[in-house]
Amino acid sequence: MWTKYVRREWERCVSGGLGALVAVCVLGAGLAIASLATAATSATAQPVANAADCADLFRFAHNPVPVAKTADGQTTLATIRWGYNAIHNICYLVLDDTANAALRTAHQQTSPAGTYTAITVGLNHSCAIAADGQAVCWGDNRDGQANPPAGTYTAMATGVYHSCAIRADQTIACWGRNNDAYGTPRGHAKPPPGTYAAIAAGLYHSCALTTGGQAICWGHKRLGRADPPAGTFTAIAAGNAHSCALTTGGEAVCWGDNRHGQADPPVGTYTAITAGWGYTCALTTQGKAVCWGDNAVGQTRAPSGTYTAIAAGGHHSCALTTQGRAVCWGHNYSGQADPPAGTYTAIAAGWNYTCALTTQGKAVCWGDNSYGQADPPDGTYTAIAAGEFHSCAVATGGQAVCWDWRTNLPAKVSWVA
């Protein structure tokens, strides 16, 4: 998966002949990015043993390759190397901290002006609800995911390539990609009629709660992810291929992909629920964290304690204790499960990193920072969201603030996911 993203992105960057080992795309502001053309056109998600094999597989020596240069090509600003994703057993490209810093300096954040009350992030796009209720999106728009319909909205959910929101009249609008990775129409951006009170977006499906409390899903029907059971519910969460909801009695009910047991919740009553990649976590009425599903890297082994908030990422989860301390568990290859000391009021788990707001309103992130997604700018914030490669927050003044170098690139660079 990671290699697919990077391969396509670098192919789009190549400005010269594809036979060259290194081609350069000038991105403006005196900065250029060196594209690894040969690797970009030949890379596939082939199994490898370790990071060293990545260099051999993609025809590189073990030395880093220049990736950021001045526009005249004379000065190397940063380098790139091949990294290794142990979970997916594939190679991916990694920019070092110097490259991230150079790119972010050259292309400062271009989040839209205005004041906002809520924010959410997808793979390469972000959306927010403005103070006047309008939906505003920015970033990758090749599938229309950054082009919300006009109207006023009260709630929003962002999937990987699409977004959905509840209008002021309680109907739902969705926009963005409506096909799966193979181009097959799945309908996850085509909501059914009705009035709704809550919304959640997965990979190729979306779910919502009607004003009467029924769960309704649409999109990819494989594995039953779009076939919720009958009942009345108060909360809903969507994972990559499964969804869960809390009944009016507090029981957890799940449906969809159950190959890891992620749709088999334990008996109990819950107050909050969140869905990750092949697993689910919830808070019991006593404040205990309970998780079920895929446990390959410990993502369902929640530590004991009492919690007030919980968030599921790619293969790790985090929660806030009753004292405001952040506690994380699961995959920790990039340090995403090692929160810094402090007290927090909100937490968001991304693919392989985590962000939280301190009691003073400062944004703090930890884990993978290959794209600058764990390096928030100074300021105070009221809301925060973490995605796969970038993060966003609402500042105390209402401004939308995002960080990572890819979302800061000028519009003429088109990223392919």
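Bear in mind these aren't lab numbers, they're just calculated from the coordinates by the rules spelled out. In this text the structure is predicted, and so the values were computed from the model without any measurement. Using ideal geometry, Cβ is built from the backbone for each residue, glycine included, and neighbour counts are taken over all protein chains shown.
Per-residue packing, averaged as other Cβ atoms within 10 Å, sorts the ranges 251-257, 396-402 into the order 251-257, 396-402, beginning with the highest. Charges were assigned to the Cβ only: +1 to each Lys and Arg, -1 to each Asp and Glu. The resulting dipole of region 204-294 about its Cα centre is roughly 120 debye. Residues whose amide H falls under 5 Å from that of THR115, counting only those 5 or more places apart or on a different chain, are ALA131, with hydrogens built in the peptide plane. Residue-wise HN-Hα couplings along region 220-228, as the Karplus relation 6.51 cos²θ - 1.76 cosθ + 1.60 with θ = phi - 60° gives them from phi, are 4, 9, 4, 6, x, 5, 9, 10, x Hz; Gly and Pro carry x. Applying 1/(1 + (r/R0)^6) with R0 = 45 Å to the Cβ-Cβ distance of ARG222 and GLN286 gives a FRET efficiency near 0.80.
Ranked highest first by average number of other Cβ atoms within 10 Å, how do 155-162, 206-213 line up? The partial results should precede the final answer.
Working: 155-162: 23.9, 206-213: 20.8.
Packing proxy ranking, top to bottom: 155-162, 206-213.
ARG301 to ALA341: FRET efficiency via 1/(1 + (r/R0)^6), r the Cβ-Cβ distance, R0 25 Å, to the nearest 0.05? Efficiency, rounded to the nearest 0.05: 0.70.
Quick check: pseudo-label points 7 Å beyond the Cα along Cα→Cβ at THR171 and GLN360, how many nm apart are they? Result for the modelled spin labels: 4.8 nm. Taking Lys and Arg as +1 and Asp and Glu as -1, the other residues whose beta-carbon sits under 15 Å from that of VAL327 total +2. Computed over region 265-415, relative contact order equals 13 percent, with contacts defined as Cα pairs under 8 Å that lie 6+ residues apart. Extents of region 320-411, largest first, come to 42, 33, 15 Å (Cα atoms, principal axes, whole angstrom).
Highest-first packing order for the peptide set 306-318, 224-236 is 306-318, 224-236, based on the mean count of other beta carbon atoms within 10 Å.
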